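The values are calculated or read from the model by the stated rules, or taken from the named source; none is laboratory data. Note that this is a predicted model, so its numbers are computed, not measured. As a convention, Cβ positions derive from the backbone with ideal geometry for all residues, glycine included, and neighbour counts pool all protein chains shown.
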Amino acid sequence: MKKGILLCGHGSRTKSGTEAFKELVSQLQARYTEYEVDYGFLEFNHPVYEASIERMYQKGIREIYALPIILFAGSHAKNDIPYEMNTIQSYYSDLTIKMGKHLGVNSFLLELAQKRVLEEESKHSVMDRKDVCLMVVGRGTTDTDANSDVHKLACMLGEGMGFGFTTVAYSGTAYPSVTKSLELTSKMEFKRTIAIPFFFFTGILLERIYKQIRDFSETSPLEHVYTQAFGSDELILKAFDERLEEAINGTANMNCQMCKYRKQIVGLESEIGKEQMGHHLGVKGVLFEEDEKVGQKNSVFTKIKKGLGI
């Protein structure tokens, strides 16, 4: 019997971000032809996960590998998506959903980051990297375990490529912000700062990061440039090959040793043992596209959506 793959996206408030995600979906569908490959969103866009799984179920799929299109293990990967999958699993007695792991720290992502930096360097005059600062920009989360992965990749990338200094900034939630990091690094007077956002796709947050860098550069005598998003590069596809294989083999393990829900982590003591509960109910599918809606399912989730008018 044919098995399914659910690509678990986050959702975007911009058309360009949604289209970029769908381009990745198209490439993975062409790559995994032996599977029924579908996709869904955690918030904003349609289809929501439940609708996508119902669509596959109606096609006779009874085993699904859920792969998060998530870079780092913040609350979306540790809490929200597993909560959604467990909830949907309870609706079907003859369906098995197996969770894959977020992309995380891996050699393919590191190589792709290097590729994006090299692409940006090629647009400018040659400069000794010892005179250049590398600034890795992460999404930022309240989960310090996820933030630490950004730091790890930044360290491996910066030291591996021989930059004079490497630092990290975040688009929100975590510290320092992009602007604050630029202010700090400018005091070290590196001739050039290359910012590389660790983002899959374009969207509101990425455009905000770019604007902050441009605005800062206008008032600085130093050079500040930035790379493009990771996109649907072949290296990303290879990383998903690994995550799919792990899901199939049952080896898609999270970093439970440093999980704030399982261990007492400094500064996050109140999170230990917290009940798994999704927090995106109010924005599920609010930007849905009519041609992507599927048949109604008589579930608690459907009734709540009707009540909310979404």
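Suppose we filter Phe199, Phe190 for residues that are assigned to a loop (DSSP other than H, G, I, E, B), under 27 Å from Leu24 (Cα atoms) and outside the structural domain of Gly267 (by TED's automatic domain parsing); which single one remains?
The conditions single out Phe199.
Scanning the range 216-247 for residues that are of a type in the set (A, V, I, L, M) and either exposed (fewer than 15 other Cβ atoms within 10 Å of the Cβ) or assigned to a loop (DSSP other than H, G, I, E, B) (or both) yields Leu222, Ala229. Here the range 147-206 is the region considered, the condition is being closer than 20 Å to Ser12 by Cβ and among the small types (Gly, Ala, Ser), and the residue that is surrounded by the fewest Cβ atoms within 10 Å (Cβ to Cβ) is Gly172. When each of Gly172, Gly203, Gly231, Gly164 is tested for being farther than 19 Å from Leu71 by Cα, touching a residue at least 12 places away in the same chain (Cβ under 8 Å) and not charged (D, E, K, R), the lone residue that passes is Gly164. For beta carbons closer than 6 Å, sequence separation of 6+ or different chains, a first residue in the range 65-86 that is within 23 Å of Glu36 (Cα to Cα) and a second that is of a type in the set (Lys, Arg), the qualifying pairs are Tyr65/Lys98; Leu67/Arg243.
The condition (being touching a Cys at 6+ places or on another chain (Cβ under 8 Å), touching a residue at least 24 places away in the same chain (Cβ under 8 Å) and within 18 Å of Phe201 (Cβ to Cβ)) is satisfied by just one residue among Gly11, Gly17, Gly40: Gly40. The residues in the range 51-79 that are assigned to a helix (DSSP H, G or I) and either basic (Lys, Arg) or touching a strand residue (DSSP E or B) at 6+ places or on another chain (Cβ under 8 Å) (or both) can be counted, and the count is 8.
Among the residues making up the range 131-172, those that are touching a strand residue (DSSP E or B) at 6+ places or on another chain (Cβ under 9 Å), assigned to a helix (DSSP H, G or I) and more than 22 Å from Ile265 (Cα to Cα) are Asp131, Ala154, Cys155, Leu157, Gly158, Glu159, Met161.
Among the numbered criteria (1) crowded, with 18+ Cβ neighbours inside 10 Å; (2) touching a residue at least 60 places away in the same chain (Cβ under 8 Å); (3) over 16 Å from the mean Cα position of the chain (by Cα); (4) assigned to a helix (DSSP H, G or I), which one does Ala252 miss? Unmet for Ala252, out of (1) crowded, with 18+ Cβ neighbours inside 10 Å; (2) touching a residue at least 60 places away in the same chain (Cβ under 8 Å); (3) over 16 Å from the mean Cα position of the chain (by Cα); (4) assigned to a helix (DSSP H, G or I): (4).
To keep it simple, each residue is scored yes or no on (1) more than 16 Å from Ala73 (Cβ to Cβ); (2) in contact (Cβ under 8 Å) with a residue 12 or more places away in the chain.
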{"site": "Phe108", "(1), (2)": "yes, yes"}
{"site": "Ser122", "(1), (2)": "yes, no"}
{"site": "Cys133", "(1), (2)": "yes, yes"}
{"site": "Asp143", "(1), (2)": "no, yes"}
{"site": "Ala146", "(1), (2)": "no, yes"}
{"site": "Asp149", "(1), (2)": "no, yes"}
{"site": "Gly160", "(1), (2)": "yes, yes"}
